[in-house]
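**Q** Please find one structure pasted underneath; my questions will follow.
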Amino acid sequence: MGGKDRDGAFKPYVAAEKAQPELTVAAVVVGSLLAVVFGAANAYLGIRVGMTVSASIPAAVISLAVMRVFLRRNSLLESNMVQTIGSPFQLFTLSPLQGGTPCGRKG
């Protein structure tokens, strides 16, 4: 694991010599599904309640669970890619509803 070894030197979580998958078809599919689900949930919340939530933390937890439990993949980099694909698209879902850019400004 990451942290410090016995000599006090930093030891990374993913070794530079180890080749782990990062951008795979499974990561893109799962990340896209998370983006659609969280985007739709945020659009509904935005219209119904008037506020939205951040999807970064739920996307990270769900991506780890899906990749490790259901798909039997143990790549931290691949789970990070799923979270990266799944979380930012919540902003672009609400843009047409707000009438402008993701931060709510017009023009």
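**Q** May I ask you to evaluate 6.51 cos²θ - 1.76 cosθ + 1.60, the Karplus curve with θ = phi - 60°, for each residue of the stretch 56-71 and list the ³J(HN,Hα) values in order in whole Hz, giving x for glycine and proline?
**A** 5, 5, x, 5, 5, 5, 5, 5, 4, 5, 5, 5, 8, 7, 7, 9
**Q** Sort LYS11, LYS18 so that the residue with the fewest other Cβ atoms within 10 Å of its own Cβ comes first and the one with the most comes last.
**A** Result, fewest neighbours first: LYS18, LYS11.
**Q** Thinking of the stretch 21-98 as a set of Cα atoms, what percent of all their pairs are more than 20 Å apart?
**A** 31 percent
**Q** Evaluate the distance, in nm, between pseudo-label points positioned 7 Å from the Cα of LEU77 and of LEU23 along their respective Cα→Cβ axes.
**A** The two pseudo-label positions are separated by 1.2 nm.
Bear in mind these aren't lab numbers, they're just calculated from the coordinates by the rules spelled out. All values derive from a computational prediction rather than experimental measurement. For neighbour counting, all protein chains shown are included, and Cβ atoms are generated from backbone atoms with ideal geometry for every residue, glycine included.
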